[in-house]
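The values are calculated or read from the model by the stated rules, or taken from the named source; none is laboratory data. Since the structure is predicted, the reported quantities are computational estimates derived from the model, not experimental observations. Positions of Cβ are generated from backbone atoms using ideal geometry, with glycine treated the same way; all protein chains shown enter the neighbour counts.
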Amino acid sequence: MPKGETKLWIELCGRRLGHRFRRQHIIGPFIVDFVCLDKHLVVEVDGSQHTSERDRSRQEYLEAAGFRVVRFWSHDVLEYTPQVVREIRAALDETESVGDGVEWGDELVARDL
């Protein structure tokens, strides 16, 4: 597992956010990084290998299956872990929209395609 995913898994495992997350879970033809099935929330950690076209079709499939998808750059997970966790918690609580993303400095930390 890449460093960003490993660091985020430490924050998500063991119901630390009050919900059970699974990692490397199969949904249809895709394997998602993390998913909270009871909240229908998928969390993806993107590295440089991700392309917007590939991610868009994947996200469309997941959304059609009833999942909300939030994405974070791996670098941002490593550098801004508390903020990333806060965004995931907000998505779980549905108290605020992750929407277009939250910026810290010049970095886009959370984004939907």
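For segment 69-92, the criterion of being in contact with a Pro (Cβ under 7 Å, 6 or more places away or on another chain) and at pLDDT below 95 is satisfied by at least one residue.
Going through segment 1-44 one residue at a time, which ones are under 18 Å from ARG58 (Cα atoms) and among the β-branched types (Val, Ile, Thr)? Within segment 1-44, ILE26, ILE27, ILE31, VAL32, VAL35, VAL42, VAL43 meet the criteria. For the criterion of being surrounded by 16 or more Cβ atoms within 10 Å (Cβ to Cβ), β-branched (Val, Ile, Thr) and farther than 18 Å from ALA90 by Cα, VAL45 fails. For the list (1) surrounded by 14 or more Cβ atoms within 10 Å (Cβ to Cβ); (2) modelled with pLDDT of 85 or more, I need the number of the one condition that ALA64 fails. ALA64 satisfies all of (1) surrounded by 14 or more Cβ atoms within 10 Å (Cβ to Cβ); (2) modelled with pLDDT of 85 or more except (1). Residues satisfying the criterion are present in segment 29-40 (criterion: in contact with a helix residue (DSSP H, G or I) (Cβ under 8 Å, 6 or more places away or on another chain), modelled with pLDDT under 95, loosely packed, with under 12 Cβ neighbours inside 10 Å and not in a helix (DSSP H, G or I)). Could you tell me which residue of segment 50-86 is nearest to GLY28 (Cα to Cα), considering only residues that are β-branched (Val, Ile, Thr) and in a strand (DSSP E or B)? This residue is VAL69.
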